[in-house]
1. What pairs can you find where one residue is in segment 40-66 and hydroxyl-bearing (Ser, Thr, Tyr), the other is part of a helix (DSSP H, G or I) and modelled with pLDDT of 75 or more, and their Cβ atoms are less than 8 Å apart, with a gap of 6+ or different chains?
2. Just to be sure, is Gln19 modelled with pLDDT of 70 or more and under 15 Å from the mean Cα position of the chain (by Cα)?
Amino acid sequence: MHIPLHDYWSLLARYLRAQRGKTTLLTVLLFVSIGLQLVNPQIVRRFIDAAQAGSAPNTLLVWWCHTAVPPCAAPIRSSC
């Protein structure tokens, strides 16, 4: 049985159209996850470089709270 590829794409598009909100949310979360995976090594590198340069532990803690802690943790962040 041979079904044209166009029919598969039509079926997928029809399904995703009905799930537009969930599809959009998953797409955004996927790209945010990829972005964080790309940025995380740079954040860790800067933290390690600052620690090796002899920055004060208090300065490192404040720097970490403002860069590594997600903005959604603002109430916790204010205590840093």
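1. What qualifies is Thr59/Ala50.
2. Criteria not met by Gln19.
The values are calculated or read from the model by the stated rules, or taken from the named source; none is laboratory data. From a predicted model like this one, the values you see are computed outputs, not experimental measurements. All Cβ positions, glycine included, derive from the backbone under ideal geometry; neighbour counts span all protein chains shown.
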